[in-house]
Amino acid sequence: MTHTHITTIVLTIILFLIAVTMQKKGKNIKVLQMVLRVMYLLIIVTGGMLFLSVYTISFLYILKALLGLVMIGLFEMIVSVGKKGKSNLGLWVLFGVALIALLYLGLKLPMGFYLFTS
């Protein structure tokens, strides 16, 4: 299940970057935005399955789940604010901070790839 979750995350990030790039060029991204929303649901479902498969749920798992939901919200807000033509630099900064925190927690927690050991 971990690989499915990571695959959906990587595909979502790629689709998100394509959507933002197309949006800046003035193209219609309605269909791509709907595909992104389906990907968000897949991330939530696979993440929820991973969360429930943990034997003991620690605070770090809860923090990672909340940060994941914040990240999905940031994906959606960046696209919607960009559609209105407003500046979204603050959202991009939050996106970067949340992404770094999620990557760290994902690699540190026992279900990760053991890049960072406790």
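Quick look at the numbers
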read-out	value
Along the chain, longest interval not containing exposed trypsin sites (Lys or Arg not before Pro), exposed being DSSP loop plus at most 14 other Cβ atoms within 10 Å	28-85
Other-chain or far-sequence residues with amide H under 5 Å of ASN88's (modelled H)	none
Volume per residue that the Cα convex hull of the chain spans, once the total is divided by residue count, Å³	96 Å³
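No lab work stands behind these numbers, since they all come straight from the coordinates. This one's a predicted model, so the numbers in the text were calculated from it and none came from an experiment. Cβ atoms come from the backbone with ideal geometry, glycine included; neighbour counts cover every protein chain shown.
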